[in-house]
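Accompanying notes for the structure given below.
The values are calculated or read from the model by the stated rules, or taken from the named source; none is laboratory data. Owing to the predicted nature of the structure, the values given are computational and were not obtained by experimental measurement. Note: ideal-geometry Cβ built from the backbone for every residue, glycine included; neighbour counts use all protein chains shown.
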Amino acid sequence: MDHFDLILKNGTVVTSSQERADIGCRDGKIVAIGDLGRAEATEVIDCTSLYILPGIIDPHVHLREPGNASVETIHDGTKGAILGGVTTVFDMPNTAESVVSKEVLDRKRAMILGKSWCDIGLYVGATKKNIDMLDTLEVQDNVCAIKVFAGSSTGDLLVDDDASLEALMRNGTRRVCYHSEDETRLQERKKLFSVGQPYRTHMEWRDVECAFLGTRRLMTLARKTGRKTHILHVSTAEELAYMRDFKDIGTVEVLVNHLTQVGPEVYDRLGGYAIMNPPIRDQRHYDASWAAVNAGDVDCIGSDHAPHSREAKERPWPLTSAGLTGVQTLVPIMLDHVNAGRLPLERMAALMSAGPARVYGAVGKGHIAPGYDADFTIVDLAHRRTIEESWITSPCGWTPFAGMSCTGWPVMTVIRGQAVMRDDEIIGSPRGAVVSFS
Ligand code: DOR
């Protein structure tokens, strides 16, 4: 009789459908799905009444290392990830120092070993100076993608002129990821406002046109060069409609924030703790984002986890640092949306596990099928819990979702066959690995 390292018994397995089944794992991989009857295993976990999702991937986090350990670290941010049911994160390059060369990438990879609680893929940032090296950088081990800030945000990474953007698109073959806001319009409009205006001014400054112009420009160049393109945190109805004409080369990420919070109310309620780029927008864009999720016009949902100190968040607008914590609250909030009937659980799995795995080419991730990594996000759809700031592991210590009651909660996180979180308890030591990409 087959022996397994781990059997998840009697859960409802969520793939493109939902099916009651046992899952057998060996050597960190899924090896059997079905009725495993009396098969033997080193560990059997009863998943009766629980739903088993493929391990959730957050494709958009800023773990800030190297950088300011008082707001976030690889250790603390990934601990939040597994407490929140996330098994893999893709970490952004706008750190201090930024990940823009092989040397820094190698240092960054070395930092992860023994510190990360979940698996990690690494972005490399584009600059105007490293364009001719991007084809080499994008194929380094564990690189999920090249990230381009085509509009400025936190940090000093920026490639904003057409000639540089076209040159970078022509140097390499993998999908390139963009922060898409039009830099010229951003800078011109900034002059229209003054320090101390209400926080809701943020969505007027970085307006819909800033985002739309940015995306139109990038997709025009992408069409010209034929380069595969992923637009991160698409936030407007206009961009979502526009991207429908680019399904052959373009993919779309939306953020949990844009699916959950609505301006101007959120600015009046949270002040600087609502400030992020691109901004949280009004009801029309919220509705368009949900329509796009359910129409199949979205490929990935992420958190854009971007910690800053309380001091930096409480500065008057626009001196406030932009960015919101989110990796730990991503799954609970999306489960609450599932319970509210905004999307089916199967679509959540498709957009938060299979989607990122496909868009970035993460090897062994994204599916519950034999041969894939035994990564699972196990959830209790009936569990109600309120998000509390005291639960947040990021040293910055805050979440814009404090006080939100969620129906549906991750109760177990399994990474490569090892349960690393069970009922809010962390198990073992940080054993996160770097992800490979095809
Ligand atoms: O709000 C944001 N914060 N948007 C970004 O693009 C960057 C991020 C950060 O790193 O703080």
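Worth a mention:
- Region 323-337: number of residues that are away from the ligand (no atom under 15 Å from the Cβ) and not in a helix (DSSP H, G or I): 2
- Here A295, A312 are screened, and the one residue that is closer than 16 Å to V234 by Cβ, more than 18 Å from the chain's Cα centre (by Cα) and modelled with pLDDT of 95 or more is A295.
- For region 1-48, the set of residues classified as among the basic types (K, R) and touching a residue at least 40 places away in the same chain (Cβ under 8 Å) consists of R26, K29, listed by residue number.
- Filtered residue count, region 80-99, keeping only those that are of a type outside the set (A, V, I, L, M, F, W, C) and within 15 Å of the ligand (Cβ to nearest atom): 6
- Of the numbered criteria (1) within 22 Å of I301 (Cβ to Cβ); (2) away from the ligand (no atom under 16 Å from the Cβ), the one G77 fails is (2).
- Selection within region 114-155: residues that are acidic (D, E) and under 21 Å from the mean Cα position of the chain (by Cα). The member of this set that is surrounded by the most Cβ atoms within 10 Å (Cβ to Cβ) is D119.
- In region 261-282, the residues that are basic (K, R) and part of a loop (DSSP other than H, G, I, E, B): R281
- 1 or more residues among the charged types (D, E, K, R): qualifying strands (runs of 3 or more DSSP E) within region 121-234: 143-149
- Scanning region 274-292 for residues that are away from the ligand (no atom under 15 Å from the Cβ) and within 21 Å of the chain's Cα centre (by Cα) turns up H285, Y286, D287, A288, S289, W290, A291, A292.
- For region 261-273, the criterion of being away from the ligand (no atom under 15 Å from the Cβ), crowded, with 22+ Cβ neighbours inside 10 Å and in contact (Cβ under 8 Å) with a residue 40 or more places away in the chain is met by no residue.
- Where H258 falls short, out of the listed (1) part of a loop (DSSP other than H, G, I, E, B); (2) without any contact (Cβ under 8 Å) to a residue 40 or more places away in the chain; (3) within 25 Å of R174 (Cα to Cα); (4) not acidic (D, E): (3)
Listed here are the residues, each with its yes/no results for (1) surrounded by 17 or more Cβ atoms within 10 Å (Cβ to Cβ); (2) in contact with an Asp or Glu (Cβ under 9 Å, 6 or more places away or on another chain).
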residue: I7; (1), (2): yes, yes
residue: R26; (1), (2): yes, yes
residue: G37; (1), (2): no, yes
residue: L53; (1), (2): yes, no
residue: H60; (1), (2): yes, yes
residue: A69; (1), (2): no, yes
residue: D91; (1), (2): yes, yes
residue: T95; (1), (2): yes, yes
residue: D106; (1), (2): no, no
